[in-house]
Amino acid sequence: MESYSGYRDEETPRAVRLGGIRFPVAEVLSRARVRDGRTGLTAETFQCRLEAGWTISLERSEDDNVRAQV
């Protein structure tokens, strides 16, 4: 995930790579911070619309693991 780096480091998704192809983010639809009950780690989740027209869910945990779901 490529992100805009603001005062809180990487804070807003700008593009994702899926299968080696870069897809720019057209719009961030929603954003939330959630805590994993098992690990205790906090993650930021984003619901994004890509320029390709797809809606995708992104999650970036405190340990910088990123998951994407189309």
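Here are the numbers for the structure shown:
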read-out	value
Choice from L41, L50, L29 with maximal GNM fluctuation in the chain (Cα, 10 Å cutoff)	L41
Answer label, with semi-axes √(5λ) of the Cα gyration tensor in Å calculated from the coordinates and candidates (i) 27, 16, 11; (ii) 27, 11, 11; (iii) 20, 13, 11	(iii)
In the stretch 16-70, trypsin sites (Lys or Arg not before Pro) in a DSSP loop with at most 15 other beta-carbon atoms within 10 Å	R38
GNM top mover of T42, T12, T55 - the chain, alpha-carbon springs below 10 Å	T42
Extended-chain gain in nm, criterion 0.36 nm per residue less alpha-carbon gap, V66 and R17	16.5 nm
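We did not get these values from a lab; they are worked out from the coordinates using the rules stated. Please read these numbers as outputs of a predicted model, since none were measured by experiment. Glycine also receives a Cβ, built like all others from the backbone with ideal geometry; neighbour counts cover every protein chain displayed.
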